[in-house]
């Protein structure tokens with residue numbers, strides 16, 4: 001029997017990329033000042049999954065070119081605004097990449113965090129990816145309390161797949177923006193299993209004519 005593993009990785013935001021790291025620090029400095037706390041290290045989460053002798057990498061990343069099939073892209077969304085999301089520069093993609101790679105995986109703090117060895121759980125996670133919500137990156141279109149991002153996707157997938165998440169936290173002195181949003185949307189999905197989370201914000205109610 002082939003071994004099964006679902007591993008969570010916490011990768012420092014901007015590892016290997018100076019501009020992303022700098023922008024992250026500026027963002028966190030502003031957020032910390034607003035909340036009257038000290039700045040924390042920011043992390044991007046990703047999954048590595050092995051089941052039935054196959055290995056998959058699962059993450060949200062920018063869309064570099066049109067070869068989506070080559071990267072195992074299962075969903076795409078806009079960055080910042082749906083209007084500009086028509087251009088690839090302003091699109092993200094959710095990947096479930098068979099035998100794929102995750103940039104800067106070697107920079108992950110603490111190495112892999114094994115969250116399951118159950119093949120049923122691993123297969124469930126793979127199946128759920130076709131229903132992953134794809135709201136605009138960085139915006140709270142789903143009213144989950146914070147903007148949607150890569151951490152939201154991973155948190156949603158684990159929680160919706162039945163993986164306990166209470167003990168899953170970024171490394172000490174760090175935080176993962178968007179993580180709580182994914183958990184919140186998964187909670188709603190669990191409460192209403194027949195309803196797929198919408199990728200679009202709900203239309204405002206319109207009063208009937210008097």
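Some observations on this one:
- Test: residue in the stretch 64-82 that is farther than 17 Å from residue 154 by Cβ, crowded, with 17+ Cβ neighbours inside 10 Å, at pLDDT below 90 and in contact with a helix residue (DSSP H, G or I) (Cβ under 8 Å, 6 or more places away or on another chain): no
- Among the residues of the stretch 131-155, the ones that are in contact with a helix residue (DSSP H, G or I) (Cβ under 9 Å, 6 or more places away or on another chain) and within 17 Å of residue 44 (Cβ to Cβ) come to 11 in all.
- Applying the set (1) over 19 Å from residue 40 (Cα atoms); (2) modelled with pLDDT of 95 or more; (3) more than 12 Å from the chain's Cα centre (by Cα); (4) buried (at least 16 other Cβ atoms within 10 Å of the Cβ) to residue 168 leaves exactly one unmet item: (1).
- Here residue 127 passes the criteria (1) surrounded by fewer than 22 Cβ atoms within 10 Å (Cβ to Cβ); (2) modelled with pLDDT of 95 or more; (3) in contact with a helix residue (DSSP H, G or I) (Cβ under 9 Å, 6 or more places away or on another chain) except the one numbered (3).
- Subset of the stretch 59-80 that is free of Cβ contacts under 8 Å to residues at least 60 places away in the same chain and part of a strand (DSSP E or B) - its residue that is nearest to residue 135 (Cα to Cα): 78
- Of the set (1) buried (at least 17 other Cβ atoms within 10 Å of the Cβ); (2) within 20 Å of residue 129 (Cβ to Cβ), all apply to residue 98 but (1).
- Once the stretch 35-51 is narrowed to residues that are surrounded by 11 or more Cβ atoms within 10 Å (Cβ to Cβ) and modelled with pLDDT under 95, the residue that is nearest to residue 100 (Cα to Cα) is 44.
The values are calculated or read from the model by the stated rules, or taken from the named source; none is laboratory data. Not measured: the values here are computed from a predicted model. So basically every Cβ, Gly included, is an ideal-geometry build from the backbone, and we count neighbours across all protein chains shown.
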